1. Before rounding to the nearest 500, sum -39500 (n - 2.57) across all DSSP H runs of length at least 4 in the chain and divide by the residue total; then give [θ] at 222 nm in deg cm²/dmol.
2. What fraction of the DSSP beta bridges in segment 50-207 is antiparallel, stated in percent and rounded to the nearest 5?
3. Mind checking which of 192, 113, 79 has the largest fluctuation in a GNM of the chain, springs on alpha carbons under 10 Å?
4. When 127, 161 are ordered from fewest to most other Cβ atoms inside 10 Å of their Cβ, what list results?
5. Which angle between 0 and 90 degrees, to the nearest 10, do you get for helix 175-188 versus the longest principal axis of the chain when only C-alpha atoms count?
6. Shape verdict for segment 124-207, please, from the Cα gyration tensor: rounded (a/c under 1.5), prolate (a/b greater than b/c) or oblate.
7. Take segment 58-199, drop everything but the C-alpha atoms, weight them equally and run the Debye formula without solvent; then report log10 I(q)/I(0) at 0.22 Å⁻¹ to two decimals.
Ligand SMILES: NC(=O)c1ccc[n+]([C@@H]2O[C@H](COP(=O)([O-])OP(=O)(O)OC[C@H]3O[C@@H](n4cnc5c(N)ncnc54)[C@H](OP(=O)(O)O)[C@@H]3O)[C@@H](O)[C@H]2O)c1
């Protein structure tokens with residue numbers, strides 16, 4: 001997504017990345033990279049705010065997430081809590097911390113998961129991931145309502161089943177293709193579709 005934003009002609013994008021671990025691929029791009037940031041901590045939220053240094057943000061994309069496979073037995077409460085901290089609470093904290101930097105017309109994109117859909121759940125299990133992404137979806141809807149008067153739109157987006165570390169590279173599409181679809185959804189994002197839960201392919205997903 002960073003590469004694709006930087007490749008756009010008009011308007012030209014200045015892209016800042018706040019991440020925990022930098023990669024050579026990111027380092028080779030012209031984006032500003034601020035690494036060593038764990039967004040589940042107070043220090044990480046402060047570091048995110050300092051990294052972006054009061055600049056207006058036209059597009060804020062919240063990507064970081066964790067999936068751990070939690071069966072019912074044994075119930076791993078620490079794992080479920082960890083997924084809530086990163087998948088649900090951290091994106092909300094980042095948006096709250098940067099709210100004053102979102103001008104009218106800005107967009108926020110939350111990377112959620114279809115596994116957070118209660119209506120679409122026919123295979124069960126994955127307690128921490130499903131619950132935390134459902135909570136993120138609820139936060140995204142509230143953010144859409146709360147930020148609407150300021151002219152900020154919020155997209156709640158499932159990236160597809162993507163070949164990444166999270167899926168052990170067993171997904172159906174590559175990250176490049178997912179980023180292309182996500183950016184198309186972000187381009188379409190406006191006041192009238194803010195707060196909807198969508199697949200990267202454009203389908204609206206059930207809550
Ligand atoms: N891949 C899929 O098929 C799929 C499907 C549905 C939804 N999603 C969602 O899409 C997003 C991206 O997933 P992905 O497949 O790219 O996952 P991934 O390959 O596992 O990458 C996860 C990213 O989150 C970062 N991260 C983890 N904990 C963090 C923390 N405490 N603070 C800051 N960054 C942290 C990781 O940084 P480190 O490198 O430092 O660990 C890594 O950059 C996630 O929100 C995921 O839930 C993915």
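1. Estimated from H runs of four or more residues: -10500 deg cm²/dmol.
2. Working: 1 of 14 bridges.
Percentage antiparallel, nearest 5: 5.
3. 192
4. Numbers: 127 19, 161 15.
In order of increasing Cβ crowding within 10 Å: 161, 127.
5. Around 70 degrees separate the two axes.
6. Details: a/c = 2.59, a/b = 1.38, b/c = 1.88.
Cα axes put segment 124-207 in the oblate bin.
7. -1.40
FYI, it's all coordinate maths here, none of it is from the lab. These numbers were taken from a predicted model, which means no experiment stands behind them. Cβ: placed from backbone, ideal geometry, glycine included. Neighbour counts: every protein chain shown.
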